1. Being crowded, with 17+ Cβ neighbours inside 10 Å, under 18 Å from the mean Cα position of the chain (by Cα) and among the polar types (S, T, N, Q) is the filter here; which residues of the stretch 2-50 pass it?
2. Would you confirm whether any residue within the stretch 82-100 is open to solvent by less than 20 Å² (accessible area, probe 1.4 Å), at pLDDT 95 or above and over 18 Å from the mean Cα position of the chain (by Cα)?
3. Looking at this structure, is Arg219 crowded, with 20+ Cβ neighbours inside 10 Å and of a type in the set (D, E, K, R)?
4. Conditions: (1) open to solvent by less than 30 Å² (accessible area, probe 1.4 Å); (2) under 22 Å from the mean Cα position of the chain (by Cα); (3) among the aliphatic types (A, V, I, L, M); (4) at pLDDT 95 or above. Leu172 meets all but one. Number of the miss?
5. How many of the residues in the stretch 56-81 are open to solvent by 10 Å² or more (accessible area, probe 1.4 Å), within 17 Å of Ala146 (Cβ to Cβ) and either over 16 Å from the mean Cα position of the chain (by Cα) or not aromatic (Phe, Trp, Tyr) (or both)?
6. List, please: which pairs have Cβ atoms under 6 Å, are six or more places apart or on different chains, and start with a residue in the stretch 90-102 that is within 18 Å of Lys46 (Cα to Cα) and among the basic types (Lys, Arg) and end with one that is assigned to a helix (DSSP H, G or I) and open to solvent by less than 60 Å² (accessible area, probe 1.4 Å)?
7. Here are some residues: Met183, Met160. Which one is loosely packed, with under 15 Cβ neighbours inside 10 Å and closer than 30 Å to Gly252 by Cβ?
8. Can you work out which of the residues in the stretch 129-157 that are of a type in the set (Asp, Glu) and part of a helix (DSSP H, G or I) is most open to solvent (accessible area, probe 1.4 Å)?
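The values are calculated or read from the model by the stated rules, or taken from the named source; none is laboratory data. From a predicted model like this one, the values you see are computed outputs, not experimental measurements. A quick note on method: Cβ atoms are made from the backbone with ideal geometry, for glycine too, and the neighbour counts reach across all protein chains shown. These area figures cover heavy atoms from the full protein model, side chains too; ligands, DNA and RNA do not enter into them. Shrake-Rupley method; radii C 1.70, N 1.55, O 1.52, S 1.80 Å.
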Amino acid sequence: MTDFQTAYQQYKELVDQALANYFDVPDAPHHVLLDSMRYSLNAGGKRLRPVLVLAFCQACGGDIHAALPVACAIEMVHTYSLIHDDLPCMDDDDLRRGKPTNHIIYGECTATLAGDALQAEAFHTILSADLPAEVRAECARLLSVAAGIEGICGGQQLDMEGETKALSREELLEIHKRKTASMLVAACRMGIACGQGSAAQIDAANRYAEAMGLAFQIRDDMLDQISTEEELGKPIGSDAQEQKTTFMSLYGLAHCEQEVHELTEQAVEAVAGQFENADFLQALALSMEVRRN
C-alpha cells in the first residue's frame, strides 16, 4: 500500500503542478474571473478523475505527460460542477474542501461565470493538446457526454427533482450513474484513448468505472452520516436535512458497507488480466472503499 500511496501522490503532484499554470494572468482586465477560477481549481482535493486519466493511460503503455492536458481538462469540468452545485440556487453550501465556497468569496455572478468558463476552457485544453487529432476528438466527445444531459447536468436535474421525495433504488441509480459515475467512466476511457488502448481495455475501463462510481456514491452517503466536518471539509448531515433519499436512508450502514465492498471487488476484477500491470488501478479501487473524505 505504501507503493500505491507514493504512486498516487506522484500522479497528483503532476496534476497539481500543471493546474497551477492555468489562468495565471494577474494583469488581465478580467483578472477577477480568472482569480475565481483558480481559487476553486487549486483548492486541493483527491484529484481522483485526473489520476484515473493518467493511470489508465500508463496502464496502456501511453505517455502520461502527453495526457496531462486531458487530465487537467476533466478536473476543470469537475471543479465547475462543484462551483455550481454550491450556489444558493442549488445546494447553497458555504464550505467546500474546508474553505469558503466560490460564491462566498467572489459573489454569485462571478462564481457562475467561473464555472461556465472552466467548462469551456476544459474543451479548449483538450483540443489544444499535443496528441493525435483522433485522440483529441475522442477525449472531447467522452467529456462532452459526461458533462451533458446524460452526465452531470442530467444527474443534477434528477437529484433536485428528487429532493423531499421517497425514491426507489432504480431512481437513485438513474441519478448517480449520471451525477457521479459518468465522470469516472469518462476519466478512465479518456486515459485509454490517450494510451491508444484496445477494445477489451475500453470494456474493462467501463466496468471498472461503473462499479467504482456506484461504490463512491454509496460511500459518500455513508460519510455524510459517519464522518466529521473536519474530515470531509464540508458540512455533514446535509442529506437528512434536505430530506434526500440516499442509499443510507434506504438500506442502513451495514448493507451499504457490504455493497461498497462487493462493488469494489467488481472493479478490481474488471481490470485483472487486461493490462500489463493493473496493481495501481486495483489498489486505487480498494482505497476508495475505506476513504474518509
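1. Within the stretch 2-50, Ser40 is the sole residue that qualifies.
2. Yes, the stretch 82-100 contains a residue that is open to solvent by less than 20 Å² (accessible area, probe 1.4 Å), at pLDDT 95 or above and over 18 Å from the mean Cα position of the chain (by Cα).
3. Yes; evaluated as a whole, the condition is true for this residue.
4. Only one criterion is unmet by Leu172, namely (4).
5. 3
6. Within 6 Å, the pairs are Arg96/Asp86.
7. Met160 is the lone residue from the list that is loosely packed, with under 15 Cβ neighbours inside 10 Å and closer than 30 Å to Gly252 by Cβ.
8. Ranking the qualifying residues of the stretch 129-157, first place goes to Glu134.
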